[in-house]
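Below is one structure, written out as structure tokens; comments come after it.
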Amino acid sequence: MERMAPAGQWFILVVASLVLGIIFQTFHVPAALLLGPMIIGVIMGLLGASVRIHPLFFKISQGILGCMIAQSLSPSILPPLLNDWPLVLMVLVATLLASGLSGWLLVRFSQLPGPTGAWGSSPGGASAMVAMAGDFGADVRLVAFMQYLRVLFVATAAAFVARMAMGDSASLAAAVVWFPPLTWRFFATVFLALAGVWLGPRLRIPSGALLLPAVVGAVLHSTGTVTLEVPEWLLAMAYTLIGWSVGLRFTRPIFKLALRTLPQMIASIIGLMLICGGMAWVLTKLLGVDMLTAYLATSPGGLDTVAIIAAGSHADLGFVMAMQTLRLLTILATGPAMARFISRSAVPVSSSS
């Protein structure tokens, strides 16, 4: 495919993503317009496609997603978190310890350097982890591969868990209005998304392109200052661009580089997913939230992909985003120390024998 002209690659990418997305929607798979483009992007990336999504479009898509999240965030999500703060803290610490154990075992039983294994197994925002990894001696290519491999696993698993949880009610969802009439609120929403994209890097806020519009938009929306408008066609474009951005990162050279440690990477990802699934079960028993909401709240995937799946299902998006954001901030604060600890203590088996 590397010999095909970019125009031909774009044509195949768009048409194949559209077809797979429609098939997924027909079967009421949550986040169909994320998963379809993501899977096609992975296939084309491994086949040698050279087309890429510009980082600016990826960040704008995150900003639009942040505005969508803002519509579901309200002060009502804070009391459950504050009232049950010991349990919330326990889940955060358990996730941190699980990711640390995952990284330690990965370095111990593979050929990965310590910093690479540590940052690659950290379940925070994938783009934030990749951005920070290079400053701590990690191989950014392998960290990116590990992070987005986990996003791919988690997104696929979470979408099908959501589909099973929704059951027959998935087919009873209200008809989607793709092209509603636009008002000034739409342009205010777009301005907010673009402002988050511009301010995020300047304020050095991890995943700021998503979090800034989500937080500021939630204040504006919940107080009635501005009612945000995010039409379905705009969301579909954002979902598609995020799916392509993740999928096309799976290039053949990086895949070959990671091939020697791929089984250990997959085992690490599945182990972390199972531990987080166990914590989700604990949340359902102690907080009374439904299993789908608890699973997405504890799921070790990317902030943006989990939000898309939660929005396309019956999960409590506000609770999911609150838990995911708290975990991201916790891991960003403790990541460097965790990476140093793993680098010093996890001696590979081949070296110690």
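Listed values, structure above:
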| item | result |
| --- | --- |
| Flag if Thr240 is at pLDDT below 85, of a type in the set (Val, Ile, Thr) and either open to solvent by less than 70 Å² (accessible area, probe 1.4 Å) or not in a helix (DSSP H, G or I) (or both) | no |
| Answer from Gly137, Gly124 - the residue that is surrounded by fewer than 21 Cβ atoms within 10 Å (Cβ to Cβ) and at pLDDT below 75 | Gly137 |
| Filter result (in contact (Cβ under 8 Å) with a residue 60 or more places away in the chain and open to solvent by 20 Å² or more (accessible area, probe 1.4 Å)) within segment 330-339 | Thr330, Leu332, Thr334, Pro336, Met338 |
| Of residues in segment 270-309 being of a type in the set (Gly, Ala, Ser) and part of a helix (DSSP H, G or I), the one farthest from Ser72 (Cα to Cα) | Gly271 |
| Checklist (1) open to solvent by less than 30 Å² (accessible area, probe 1.4 Å); (2) modelled with pLDDT under 85; (3) under 22 Å from Pro37 (Cα atoms) applied to Val230, failing item | (2) |
| Tabulated pairs, segment 93-109, first assigned to a helix (DSSP H, G or I), second aromatic (Phe, Trp, Tyr) and open to solvent by 70 Å² or more (accessible area, probe 1.4 Å), C-beta under 9 angstrom, 6+ apart or interchain | Gly100/Phe341; Trp104/Phe341 |
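The values are calculated or read from the model by the stated rules, or taken from the named source; none is laboratory data. Source: prediction; values computed, not measured. Cβ sites come from the backbone with ideal geometry, for glycine too, and all protein chains shown count toward neighbours. Ligands, DNA and RNA are stripped out before the accessible areas are found, and what is left, the full protein with its side chains, is counted by its heavy atoms. Shrake-Rupley method; radii C 1.70, N 1.55, O 1.52, S 1.80 Å.
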